[in-house]
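To keep things clear, I will list the structure first and then write my remarks on it.
The values are calculated or read from the model by the stated rules, or taken from the named source; none is laboratory data. Note that this is a predicted model, so its numbers are computed, not measured. Here the Cβ positions follow ideal geometry from the backbone for every residue, glycine too, while neighbour counts run over all protein chains shown. Surface accessibility is based on the protein's heavy atoms, side chains included, excluding ligands, DNA and RNA. Shrake-Rupley method; radii C 1.70, N 1.55, O 1.52, S 1.80 Å.
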Amino acid sequence: MHRIRRWVADHWVLAIGLMVLLYLFLPIAVVAGLSFNRPSSRLSYDFNEFTTENWTNLCGPADLCAAVGRSAWIGLLATVAATMLGTLMAFALARHRFRGRAATNLLIFLPMATPELVMGTSLLALFTSAGLQLGFVTILIAHIMFCVSFVVVTVKARLAGMDARLEEAAMDLYATPAQTFRRVTLPLVLPGIVAAALLAFSLSFDDFIITNFNSGNTVTFPMYVWGANQRGIPPQVNVVGTAMFAVALLLVLATNVRGRRRGARVA
Amino acid sequence: MTNPSEAGDLRLSHVTKRFGPFTAVDDLSLTVPQGSFFALLGASGCGKTTTLRMVAGLEEPTTGEVRLGDRDITRLRPYQRPVNTVFQSYALFPHLDVFENVAFGLRRRKIREVRSQVERMLALVQLDGFTKRRPAELSGGQQQRVALARALINHPQVLLLDEPLGALDLKLRRQMQIELKRIQTEVGITFVHVTHDQEEAMTMADTVAVMSAGKIEQLGRPAEIYEYPATAFVANFLGQSNLLAGEAAGQSGGDVLVSAYDQRFAVPAPRARADRGEVFLGVRPEKLGLVAGEADVPAGHQSVRGVITDSSYVGVSTQYLVRTGWGTELAVFAPNSGAAAPLAVGSEVTAHWSPEHAFVLHREPGEGDRTTPVLDTPDAVGVVS
Ligand SMILES: Nc1ncnc2c1ncn2[C@@H]1O[C@H](COP(=O)(O)OP(=O)(O)OP(=O)(O)O)[C@@H](O)[C@H]1O
Ligand SMILES: [Mg+2]
């Protein structure tokens, strides 16, 4: 009895940690498992039979691949636009003094703080009153809009952590302003920009609420899943989820390995 | 001063820099001869960095002019000037390795044979073999040498060093001082070196300028400034001085007559900055001798009597405090040469000095005696041999 208490006392932090990890990864494990499952009926989620058919026949369910492609396109375009706009804005806010700078710094948080429902409805009102046809373009505009704030905040944090004297040193060493940006500023801020772009893409790819208000007849991947839910979700959705997770995992591992290799080269 | 030609002299004339209402550099004029080692010394916030930044082009003077030889460089951008800086904080590029940091200036100017030049420069600062490291993987002293190499490799006309040794421990600091001086002599580039450390300034520089509140208080050879300071600020910023408040009553027979505390002192006129009105009579602590009674004072010396209130042994010397009849405590540094027995606290002594070692400075009306407390670092004195 005493020894058990002792063992628990020694290992409870580890145990709680493992439980939290389990809590975090169990849903993902279930999704990955289901992606290799042949359900017994349309509306059941039981583990019935192992199969790779969901992976090989990804585009089997009508409209699934089209929806994934559409979401990927929107995500890509929104990411590029939001990252460019947001990065420029972050530079302006971090490096230049101008009138309204403090106000801008504050307002940039507003889209992040606004409930998505409110944002979705107000965008809908805006688009319809402007006479815009709801669809791909309105979704894109909406996505760029809510992604910009996240990009600005992420890049600005990176810029704030960068010593401005490095740019002075570059100029002192014969670098023109353009060369200074290209050789010193950009490489140092790039990790922040990449992080911001990844964040923007994942925000755009799985946005449902705002998109739902402004999509018209256009169906994105989250909306497809939502619609399919009424009739029973095809197992291929789990394949998409698992693939997304795998890509994210690979990206994290890649950055980790790069950092490790940099460290190892010195030793 | 190694080169008599004025072709590459750095010249600041009537340079003023204001930040809003605050004047950081105030009507500053100075000339740094080509190839010389110039040290800029002064308390924190007196405008040293700002002065360097105006020479580098990182700050534009509010008024005034910066010239390099006969070229006006006041409004040139930093990358257009043949001037390089070793920054106070090094400012090494964290994303580049040592090699690329040092090569940065060459690459920007599209110079060929980068590799051999960088390798030669890294050998000069004894960092060969470190080429692949990032700045974060270097010690403070190594980073400092990379910063130096990165600037020097460009063979600028003027190299600006902003307290480059500030972060180093004493031993490495001494080592780097010798190194810097050697490199400067070798490459013959004009060095403008900012430092807090007066000993560093005096041992390394051909010319020292002492700054205070945006102005130059005094400029000259280290020994000149130390032996004959121009102001009370310099007298106590560079080393330490005993300054007694007195009145000067004009010259007589080549001497300035100063009366202080009912005693009269004659100081040679060439050692007096003022010969009338309120003055300080100054003597450096190491120029004072201590004897038991007035009878022992050497002929021709001046003296005051007092009581020893404190004595601290610092190895090369013993530092005494001697309280005079009017309450001021004079600092006296007696060399531990073994010639005299140490004096006990409480003994009555007479402090004496040769008139040639005294100096007379201007004093603001109402200002009292000024002596700084005895420092406990032996380095603080005796640097000028
Ligand atoms: N960009 C600026 N804006 C406002 N004030 C400034 C600016 N740069 C410097 N100052 C002020 O100018 C004065 C001189 O600054 P400077 O950096 O030249 O001092 P310093 O002599 O180099 O001091 P330290 O020995 O501490 O480095 C300081 O009082 C400082 O506060
Ligand atoms: Mg400074």
(1) at pLDDT 90 or above; (2) in a strand (DSSP E or B); (3) open to solvent by 40 Å² or more (accessible area, probe 1.4 Å): which one isn't true of B:Gln251, the others all being true? (1)
Please verify whether the range B:229-240 includes one or more residues that are surrounded by fewer than 21 Cβ atoms within 10 Å (Cβ to Cβ), of a type in the set (Val, Ile, Thr) and in contact with a His (Cβ under 8 Å, 6 or more places away or on another chain). yes
Select from the range B:125-164 the residues that are facing another protein chain (nearest Cβ under 10 Å) and basic (Lys, Arg) and write down the one among them that is most open to solvent (accessible area, probe 1.4 Å). B:Lys132
Flag for B:Gly220 being closer than 17 Å to B:Ser36 by Cβ and more than 9 Å from the chain's Cα centre (by Cα): yes
Any chance the range B:179-194 includes a residue that's more than 20 Å from B:Asp162 (Cβ to Cβ) and open to solvent by less than 40 Å² (accessible area, probe 1.4 Å)? no
Identify, please: which residue in the range A:125-162 is within 28 Å of B:Ala56 (Cα to Cα) and surrounded by 14 or more Cβ atoms within 10 Å (Cβ to Cβ) and is, among those, farthest from the other protein chains (Cβ to nearest Cβ)? A:Leu159
Among the residues of the range B:48-74, count how many are of a type outside the set (A, V, I, L, M), within 16 Å of ligand 2 (Cβ to nearest atom) and in contact (Cβ under 8 Å) with a residue 24 or more places away in the chain. 5
Given the criterion out of contact with any Cys (no Cβ under 6 Å at 6 or more places or on another chain), free of Cβ contacts under 8 Å to residues at least 40 places away in the same chain, surrounded by 15 or more Cβ atoms within 10 Å (Cβ to Cβ) and not assigned by TED's automatic domain parsing to the domain that holds B:Tyr90, identify the matching residue among B:Ala167, B:Ala260. B:Ala260
Residues in the range A:26-46 that are more than 13 Å from A:Ile233 (Cα to Cα) and outside any loop (DSSP other than H, G, I, E, B) total 7
Do you know which of the residues in the range B:66-124 that are more than 9 Å from every other protein chain (Cβ to nearest Cβ) and of a type in the set (S, T, N, Q) is surrounded by the most Cβ atoms within 10 Å (Cβ to Cβ)? B:Asn101
B:Leu160 vs. criteria assigned to a strand (DSSP E or B) and in contact with a helix residue (DSSP H, G or I) (Cβ under 7 Å, 6 or more places away or on another chain): yes
